[in-house]
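Below is one structure, written out as structure tokens; the observations come after it.
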Amino acid sequence: MKSSQEILGREAESIPVSSRIKYFDMVIDHGKGALLYDVEGRAYIDFLASASSANTGHCHPRVVKAIQEQAEKLIHFTPAYYANEVTSSLLTRLADLAPGDFPKKVAVGTSGSDANDAMIKFSRGYTGRPYIICFTGAYHGSTYGSITLSNVSLNMSRKIGPLLPNIVKLPFPDTHKMLKNETEAEFVERMWSAFMEVFETWLPVEEVAGVIIEPIQGDGGIIAAPKAYLERLYAFTREHGIVFAVDEINQGFGRSGKMWSIDHFGIEPDLLTIGKSVASGMPFSALIGRQEIMDSLDSPAHVFTTAGNPVCAAAAHATLDVIADEKLVDRSYRLGKVAAAFFEKMQTQYDFIGQVRMYGLDGGIDIVNADGKADEPATTKIIYELFKRGVIMISLRGNILRFQPPLVITDTQLNEGLQKVQEAFEAYKNNEIELPDDGNKIGW
Ligand SMILES: Cc1ncc(COP(=O)(O)O)c(C=O)c1O
């Protein structure tokens, strides 16, 4: 077996810089549940779950079996031309699973990004209007449509423009933006005025097709919008005939302690995008939405040859079975409480821990300096120390620890991982962490 260094050395000759977000030199050999093993045989507790695409854990036996059995039967024939049972039954299942007691249809793809492109297409198609509203801090993907909706890194727009026209970015009600002594109600009022200003000054509301939002932003830092804000936004869309879409690609399938992050708000969206964990990381995505919106485009306005692949669909059926049978949504809620209690305790012990935001097994933990400002170097050190101690964690926005373990993580693994987090905090406090020569720049 080749070493990590050999594999990475060879890979460096062929992988473009834009395709890897730099962390540490590890090459994964295999995974099981919430554990990953590198090619040197070292085990890691996974607090990232492949960017929330492994909610059922790595290589869940039921998912593996479903993939194997389907691969023996039919690997692919594009549903763009002919149906297969496993994919078509999944469409019904997904339509039933999405919130809203109204007829729905499901357009499939292979990545979260193309599901969000679909959101743009169908919203425009249904309304006949051009503009789409999205929010600062959002990440919606990497295709031209979805990267235009995204607002997390200048490198996602630098050198690649022009991006898609008529995408308008408005300020997400990020709780970091709350002023000292401002109440949540005052904050919502202020953010809502910023939203409305656009419609009072240059953007005719009757030209807006759709709004897309992550009710709990993932890459933005695991930050929930205030409920009152989302309610206003939803009411605004009802008043003006605008399609209301939520992106559940990162937060769906139990991640936030409910099946969907929008379930925290009691709102039924017109459109909902899914990907990542739906098929336990196999390439499958979908836009699920009200029938009349989903029927607004004519064939072949939205087809991909490999979308709706039956092996991926079989994996998705098995994934949904596992989520239901192992009660993973409840598990996320319950273990999320354990993790929240841990991080809140850490907050009282270490003054470099700022806000702690936890929704199920879904957390953003801010690392701050003495002035309460984002501390990226400290975050880098803590993450490196965790890596050395066998815990995979990454940062968001440079200074937020991203906590998203597989929902199947055992109580013991969770406690062991959290214990190592405490050890890393202690090591940072005691100034004991030395970064490797190239270790000072991680993340995006
Ligand atoms: C909220 C959200 N939407 C969309 C995407 C894009 O999904 P994909 O990378 O599968 O295209 C991501 C990926 O991180 C995401 O977090």
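The values are calculated or read from the model by the stated rules, or taken from the named source; none is laboratory data. This one's a predicted model, so the numbers in the text were calculated from it and none came from an experiment. Quick reminder, even Gly has a Cβ in these numbers, built from the backbone with ideal geometry, and neighbours come from all protein chains shown.
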If I ask for residues that are of a type in the set (Lys, Arg) and more than 17 Å from Gln291 (Cα to Cα), which ones from the range 107-127 would you list? none
Options Asp351, Asp366, Asp371, Asp437; residue that is part of a strand (DSSP E or B) and of a type in the set (Asp, Glu): Asp366
Here is a check on your reading of the model: is Leu297 of a type in the set (A, V, I, L, M, F, W, C), assigned to a helix (DSSP H, G or I) and assigned by TED's automatic domain parsing to the domain that holds Ala209? no
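Yes/no matrix, rows are residues, columns are (1) over 27 Å from Met294 (Cα atoms); (2) aliphatic (A, V, I, L, M); (3) more than 16 Å from the ligand (Cβ to nearest atom):
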residue: Gln70; (1), (2), (3): yes, no, yes
residue: Leu91; (1), (2), (3): no, yes, yes
residue: Gly137; (1), (2), (3): yes, no, no
residue: Gly145; (1), (2), (3): no, no, no
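Identify the residue in the range 317-368 that is of a type in the set (Val, Ile, Thr) and touching a strand residue (DSSP E or B) at 6+ places or on another chain (Cβ under 6 Å) and, among all such residues, is surrounded by the fewest Cβ atoms within 10 Å (Cβ to Cβ). So that I can check it myself, show each step before the final result.
First, the residues of the range 317-368 that are of a type in the set (Val, Ile, Thr): 319, 322-323, 329, 338, 348, 353, 356, 365, 367-368.
Those still in the list that are touching a strand residue (DSSP E or B) at 6+ places or on another chain (Cβ under 6 Å) too: 356, 365, 368.
Working: Val356: 20, Ile365: 28, Val368: 17.
Filtering first and then ranking leaves Val368.
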From the residues in the range 209-231 that are in contact with a strand residue (DSSP E or B) (Cβ under 8 Å, 6 or more places away or on another chain) and of a type in the set (Asp, Glu), which one is nearest to Leu149 (Cα to Cα)? Glu214
Considering only helices (runs of 4 or more DSSP H) wholly within the range 1-106, the ones with at least 2 residues that are farther than 21 Å from Gly252 by Cα and among the aliphatic types (A, V, I, L, M) are 4-12, 61-73
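Residues that are modelled with pLDDT of 95 or more, touching a Gly at 6+ places or on another chain (Cβ under 8 Å), of a type in the set (D, E, K, R) and not assigned by TED's automatic domain parsing to the domain that holds Ser88: does the range 323-332 have at least one? Reasoning before the result, please.
At the first step, the residues of the range 323-332 found to be modelled with pLDDT of 95 or more are 323-332.
Restricting the remaining residues to those that are touching a Gly at 6+ places or on another chain (Cβ under 8 Å) gives 323, 328-329, 331-332.
If we keep only those that are of a type in the set (D, E, K, R) as well, we get 331.
Cutting the leftovers down to not assigned by TED's automatic domain parsing to the domain that holds Ser88 gives us 331.
Yes, that holds for at least one residue.
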Looking at Ala341, Ala314 in this structure, which one is farther than 30 Å from Arg232 by Cα, in a helix (DSSP H, G or I), without any contact (Cβ under 8 Å) to a residue 24 or more places away in the chain and of a type in the set (A, V, I, L, M)? Ala341
Answer residue from the range 234-256, given it is among the aliphatic types (A, V, I, L, M) and surrounded by 23 or more Cβ atoms within 10 Å (Cβ to Cβ) and is nearest to the ligand (Cβ to nearest atom) among those: Ile249
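Residue by residue, here is whether (1) within 16 Å of the ligand (Cβ to nearest atom); (2) buried (at least 18 other Cβ atoms within 10 Å of the Cβ); (3) in the same structural domain as Ile21 (by TED's automatic domain parsing) holds:
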site	(1), (2), (3)
Thr110	yes, yes, no
Arg124	no, yes, no
Ser142	yes, no, no
Arg158	no, no, no
Gly161	no, no, no
Pro165	no, no, no
The range 257-288, residues that are touching a residue at least 60 places away in the same chain (Cβ under 8 Å), more than 12 Å from the ligand (Cβ to nearest atom) and under 23 Å from Gly364 (Cα atoms): Gly257, Lys258, Met259, Trp260, Ile262, Asp263, His264, Ser280
